[in-house]
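Presented below is the structure to which this report refers.
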Amino acid sequence: MRVVIADPPAYTPWYDHELAEALARSGADVELATSRFRFADLPPAKGYRRVERFYPLSSRLFRRSRARLPLKATEHLGVAASLARMNPDVLHLQWLALPQVDVRVPFRAPTVFTAHDLLPRRTAEKRELWSRLLHRFDRVVVHTERGREALVELGIDPVVISHPVYPSEAVSSDDGQTILALGVIRPYKGLADAVEVVQRLPDARLLVAGDPAMDLGELRDAPRTEWRLGYLTPLELDRALSAATVAIFPYKAELDQSGALLQALGAGVPAVAYDVGGLAEPISHYGAGRVVPAGDMDALTEATRELLADEDVLRGARAGAQRARTELTWDAAAESHLALYRELA
């Protein structure tokens with residue numbers, strides 16, 4: 001079976017890589033059609049082909065500068081034309097950067113779309129547009145039951161395929177009091193809440209590991225906080241995960257699932273999270289930490305305190321993270337995707 005996985009803006013390059021590699025291990029002929037990732041080197045493609053065919057200039061001339069956007073918009077016409085020409089057995093799109101244009105692309109192949117963000121943040125208010133766009137795909141994939149419920153409200157009947165954990169070489173060497181805030185730093189990720197939790201727990205320290213996509217301002221002055229800023233290499237990421245006692249995810253409701261959460265669980269690190277999107281599902285299902293009501297700072301603090309203070313509770317949460325690590329595999333996700341593809345091909 002010939003499968004093209006398309007992530008034109010390269011929004012989730014590690015997810016794309018792991019899925020493409022797992023599909024190839026399962027016997028599929030896989031091409032990953034994407035653009036150059038602007039922030040870090042990616043693992044070499046193994047068993048599949050990675051073709052950086054999209055946004056040839058804007059993906060190379062800029063990092064986070066908004067100056068790239070007019071050029072990217074112009075280049076997107078080429079993206080739409082390229083997608084329209086593709087004719088594999090299945091075309092599986094991960095992201096669409098300009099839905100106003102993409103809704104008109106005349107796909108030739110059977111299509112699947114993964115709704116990583118149920119209604120992407122920049123155009124979430126355009127619900128009618130996204131409803132029209134999602135209805136154009138033969139199948140839509142979401143990562144959680146809560147994600148499925150959200151799209152059912154738009155008249156979409158998606159397929160749930162759980163987001164796998166990311167494999168990790170991390171070996172726990174934490175001090176029993178380190179709280180990890182992991183991933184690209186954006187406003188919706190609630191870093192200020194993580195800082196506040198640490199201030200309420202006098203023995204705790206915060207390790208912030210990720211690339212800032214916002215002004216950190218006074219947060220940089222937070223006591224008992226270590227900053228490892230930028231896109232971490234795999235070795236640096238494993239070091240951060242090894243140092244973590246728990247990982248914290250005080251997110252606002254703007255996504256379905258978190259890759260950073262799955263990185264933590266993939267390293268056997270338990271998590272504390274607000275109950276937003278589908279974040280609660282792997283934590284609750286595997287007993288891999290604690291989930292508290294969204295925005296409840298007292299509950300977030302108390303859940304974190306419990307994990308740091310009670311060795312039995314922490315041991316149980318770590319065992320839950322290990323269960324997630326064992327069961328939420330990329331090979332299992334690949335088999336679920338292939339079963340879906342076979343319905344269309």
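The values are calculated or read from the model by the stated rules, or taken from the named source; none is laboratory data. All values reported here derive from a predicted model rather than from experimental measurement. Quick reminder, even Gly has a Cβ in these numbers, built from the backbone with ideal geometry, and neighbours come from all protein chains shown. Just the protein is used for accessible areas: all its heavy atoms, side chains included, with ligands, DNA and RNA removed. Shrake-Rupley method; radii C 1.70, N 1.55, O 1.52, S 1.80 Å.
Heavy-atom accessible area with a 1.4 Å probe sorts TYR55, TYR231, TYR166, largest first, into TYR231, TYR166, TYR55.
Only beta bridges with both residues in the chain are counted; by DSSP, about 0 percent of them are antiparallel. Of SER172, SER82, the order by accessible heavy-atom surface (1.4 Å probe, DNA, RNA and ligands excluded), from most exposed downward, is SER172, SER82. Computed from Cα positions, the angle between helix 297-309 and the longest principal axis of the chain comes to roughly 70 degrees. Surface calculation, 1.4 Å probe, protein heavy atoms: THR12 sits at approximately 30 Å² accessible. Across all directions, the shadow cast by the convex hull of segment 34-114 built on its C-alpha atoms averages 6.0 square nanometres. If I build a Gaussian network model for the chain, linking alpha-carbon pairs within less than 10 angstrom, which residue out of ALA73, ALA20, ALA333 has the largest mean-square fluctuation? Result: ALA73 has the largest fluctuation of those listed.
Per-residue 3J(HN,Hα) values for segment 173-188, derived from phi via the Karplus relation 6.51 cos²θ - 1.76 cosθ + 1.60 with θ = phi - 60°, read 9, 7, 9, x, 9, 9, 9, 9, 10, 10, x, 3, 8, 10, x, 6 Hz in sequence order (x marks Gly and Pro). The accessible-area ordering, largest first, of the residues ASP102, ASP41 stands as ASP41, ASP102, per a 1.4 angstrom probe. The share of C-alpha pairs in segment 179-247 whose separation exceeds 17 Å stands at 36 percent. Here the convex hull built on the C-alpha positions of the chain has a volume of 124 cubic angstrom per residue.
Among ARG127, ARG205, ARG148, the largest mean-square fluctuation in a Gaussian network model of the chain, built with springs joining Cα atoms closer than 10 Å, belongs to ARG127. Rolled with a 1.4 Å probe across the full set of protein chains, the surface gives GLU169 an accessible area near 150 Å². Can you give the angle from 0 to 90° between the axis of helix 68-85 and the longest principal axis of the chain, with both taken from C-alpha atoms, to the nearest 10? Once rounded, one gets 50 degrees. Convex hull volume of the C-alpha atoms in segment 1-151, normalised per residue: 113 Å³.
The angle between the Cα long axis of helix 311-327 and the longest principal axis of the Cα atoms of the chain comes to about 20 degrees, rounded to the nearest 10. The heavy atoms of LYS72 offer some 30 square angstrom of accessible surface to a 1.4 angstrom probe.
Note on segment 74-210: the alpha carbon radius of gyration divided by the globular reference 2.2 N^0.38 Å gives 1.38. Under the criterion of Cα pairs below 8 Å and six or more residues apart, the relative contact order for segment 258-337 equals 34 percent. In the context of the full set of protein chains, residues of the chain present 43 Å² of accessible surface per residue (probe radius 1.4 Å, heavy atoms only).
Remark: the chain carries a charge dipole of roughly 1540 debye about the Cα centre, counting +1 on each Lys and Arg Cβ and -1 on each Asp and Glu Cβ.
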